[in-house]
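Please read the structure below before turning to the comments.
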Amino acid sequence: MKRLFVTKPSMPDYEEYCQEIKALWDTRILTNMASKHNELEQKLADYLKVGGVSLFTNGHLALEHAISSLNLTGEIITTPFTFVSTTNAIVRNGLKPVFCDIDLEDYTIDVKKIEELITPKTSAIIPVHVYGTVCNVYEIEKLAKKYNLKVIYDAAHAFGESIDGQGVGAFGDLSIFSFHATKVYNTVEGGCIAYNGNEKIKQDLIYWKDFGISDSEHVIFKSGNAKMDELRAAMGICNLRHVDEEISKRKRVYDLYKSYLDKINGLKIRKIQDNVISNYAYFPILLDGYKYTRDQLCNKLADNGIYSRKYFYPLTSNFEALKEFDTTKTPIAEYVSDRILCLPMYADLTDEDIAYICESILG
Ligand SMILES: *Cc1c(COP(=O)(O)O)cnc(C)c1O
């Protein structure tokens, strides 16, 4: 039986990658923010349409360090409908996540419910552009101004997207992207913080990812090691050459899925926002009143060799390690989390694969 996984990492041609890393055998400079690292930072800043980019060893550590670098305190308003990384990054900084409910239509943080959660202890909002659906960045900006809060976007799903012509990473104080193998764009493991600020944040992030060392005799931050090495940066340089093509192939997959699954009773697909250039990162379907429940369909697909994923179930607020922070009610997030299923989504999913998946769903 054919097996279809939920994602399949994009890779450059073997020869292209070998060419990119060849010089490292002469220079023996393999890490510590060397030439490939710095070249990729520059290329990504251009591609993402942001002031600058600081590479990290993965998206999670980018988020942990983004939080550390802004000296946040007390409470952070965030969404429970996300990968556990978002919540753990807050908690690991000694801060309290305050869970805000999500919007029923687009699954991002519900901007109408943020204000009631703000207390004198609130220092920031950490929303997630979940599935690549861009949050209501304009409302969030207004609230942040009004209450003097910082905003860090978890943009792990939103690589390369723009809204009203602006790079998605240009909003908020900082945004983090993940370059994990399973994401739209990868460096095997990797991630970055995107910023639009001054030289100070740029320099601080260099210290933050390198133990807080500012020079050979000074350590100015209590930090660890989160640097990206040259081999991964080289992978990133190669993959960046092909990412536009990957995204257009994903669009084809999205359109084909849509042609099968749109306007089916009890089955809701994700809409692409009118003012957003999407990266087609995920294909979630929501099942309510369909002939199968989410769990039934997930099992049925697995029986046919199709491995869908219950992203995001459970909510992060329901995980054992995070239960103590589950102090607010998020009924919409509960509702969505119990009914959502992400179908296989990657650039070279074939017409036959998609037909097979959709027949399994509809049959
Ligand atoms: C993937 C992901 C992360 C973490 O990124 P890594 O590169 O895997 O560390 C954080 N947040 C969200 C929403 C993600 O999907």
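Of all residues in the stretch 1-51, those being without any contact (Cβ under 8 Å) to a residue 12 or more places away in the chain and either in a strand (DSSP E or B) or open to solvent by less than 70 Å² (accessible area, probe 1.4 Å) (or both) number 2.
In this structure, is residue 54 part of a strand (DSSP E or B) and either open to solvent by 10 Å² or more (accessible area, probe 1.4 Å) or at pLDDT 95 or above (or both)?
When the stated conditions are applied, residue 54 passes them.
Could you go through the stretch 219-234 and let me know if any residue there is under 19 Å from the mean Cα position of the chain (by Cα), open to solvent by 30 Å² or more (accessible area, probe 1.4 Å) and within 16 Å of the ligand (Cβ to nearest atom). Yes, the stretch 219-234 has at least one match. Restricting attention to the stretch 168-182, and to residues there that are under 12 Å from the mean Cα position of the chain (by Cα) and crowded, with 24+ Cβ neighbours inside 10 Å, which single residue is nearest to the ligand (Cβ to nearest atom)? My answer is 178. Scanning the stretch 124-166 for residues that are closer than 14 Å to residue 183 by Cβ and open to solvent by 20 Å² or more (accessible area, probe 1.4 Å) yields one hit, 160. Here the condition is being open to solvent by 50 Å² or more (accessible area, probe 1.4 Å) and either in contact with a Gly (Cβ under 7 Å, 6 or more places away or on another chain) or within 13 Å of the ligand (Cβ to nearest atom) (or both); of 121, 113, it holds for 121 alone.
Taking the options 206, 237, 247, name whichever one is open to solvent by 10 Å² or more (accessible area, probe 1.4 Å), closer than 20 Å to residue 57 by Cα, of a type in the set (Val, Ile, Thr) and assigned to a helix (DSSP H, G or I).
From the options 206, 237, 247, the qualifying one is 206.
Selection within the stretch 147-167: residues that are outside any strand (DSSP E or B) and within 12 Å of the chain's Cα centre (by Cα). The member of this set that is nearest to the ligand (Cβ to nearest atom) is 156. Every condition in (1) in contact with a Pro (Cβ under 6 Å, 6 or more places away or on another chain); (2) over 30 Å from residue 274 (Cβ atoms); (3) not hydrophobic (A, V, I, L, M, F, W, C) holds for residue 78 except the one numbered (2). When 4, 63, 72 are screened for being more than 16 Å from the ligand (Cβ to nearest atom) and in contact with a helix residue (DSSP H, G or I) (Cβ under 7 Å, 6 or more places away or on another chain), only 4 passes. Selection of first residues in the stretch 64-86 that are part of a helix (DSSP H, G or I) and open to solvent by 20 Å² or more (accessible area, probe 1.4 Å) and of second residues that are within 16 Å of the ligand (Cβ to nearest atom) and of a type in the set (Ser, Thr, Tyr), restricted to Cβ pairs under 7 Å at least 6 apart or on distinct chains, gives the following pairs, ordered by first then second residue: 84/316. I'm trying to understand the selection: among the residues of the stretch 74-103, which are under 18 Å from residue 121 (Cα atoms) and among the aromatic types (Phe, Trp, Tyr)? Scanning the stretch 74-103 gives a single hit, 99. In this structure, residue 247 does not qualify as within 23 Å of residue 163 (Cα to Cα), touching a residue at least 12 places away in the same chain (Cβ under 8 Å), β-branched (Val, Ile, Thr) and in contact with a Ser or Thr (Cβ under 6 Å, 6 or more places away or on another chain). A single member of 331, 344 is open to solvent by less than 10 Å² (accessible area, probe 1.4 Å) and either under 30 Å from residue 164 (Cβ atoms) or in contact (Cβ under 8 Å) with a residue 60 or more places away in the chain (or both), and it is 344.
The values are calculated or read from the model by the stated rules, or taken from the named source; none is laboratory data. All values reported here derive from a predicted model rather than from experimental measurement. Glycine gets a Cβ as well: all are built from the backbone with ideal geometry, and neighbour counts include every protein chain shown. The protein model used for the area step is the full one, side chains on, heavy atoms only, and it has no ligands, DNA or RNA in it. Shrake-Rupley method; radii C 1.70, N 1.55, O 1.52, S 1.80 Å.
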